[in-house]
1. With every protein chain present, what is the per residue accessible area of the range 17-91 (1.4 Å probe, Å²)?
2. Percent of accessible area on the chain owned by carbon and sulfur, 1.4 Å probe?
3. Could you tell me the center-to-center distance, by alpha carbons, between the range 24-47 and the range 72-118 in angstrom?
4. Rounded, prolate or oblate for the range 1-70? Axes are the square roots of the Cα gyration tensor eigenvalues, ordered a ≥ b ≥ c, and the cut-off for rounded is a/c under 1.5.
5. Counting each DSSP H run of 4 or more residues in the chain as -39500 (n - 2.57), what helix-only mean residue ellipticity at 222 nm follows after dividing by all residues, to the nearest 500 deg cm²/dmol?
Amino acid sequence: AVQPGGLDGQGQMDLFDDPAIAAWYRWGPAPASAEGSTVIAAHVDSLEYDLLPFARLKNAVAGTQIVVTDATGARYGYLVQSVEVTEKSEVDWTAAFDRAGPARLTLVTCGGAFDTENRRYLSNLVLTASRVG
């Protein structure tokens, strides 16, 4: 499930308390937009829920097809271009949230090493896919 979301009090994309729900950045392009990056973010796992759907993103390879279905039932196809795991402080958020250029999908979750002491991942996995059709 994907629901529209915004920003939290620290200016970061706000994720839902229920980790099974992904957040679409509602102030950016939607899947139907002719240009720009549609951003959807979700948790990779949870101590309570174990692995979640975005845990599979790390296995995606270039050319993998992704289909997004919007609230009206319209379907939009995308082909994976890249999957990168980058330290959180080094992620190019300007590119991820870009409102110009070709229509594309950016999926974001946590990845890389897990800091057990602070109970957080040190990196983000960012998948970029180009719209087809």
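1. Details: 4550 Å² over 75 residues.
Solvent-accessible surface per residue comes out at 61 Å².
2. Roughly 50 percent, rounded to a whole number.
3. Cα centroid of the range 24-47 versus Cα centroid of the range 72-118: 8 Å apart.
4. On the way: a/c = 2.01, a/b = 1.08, b/c = 1.86.
Note, shape of the range 1-70 comes out oblate.
5. My calculation for the chain gives -500 deg cm²/dmol from helical runs alone.
The values are calculated or read from the model by the stated rules, or taken from the named source; none is laboratory data. The structure displayed is predicted, hence computed values, not measured ones. Remember, those area values only see protein heavy atoms, side chains included, never the ligands or the DNA or RNA. Shrake-Rupley method; radii C 1.70, N 1.55, O 1.52, S 1.80 Å.
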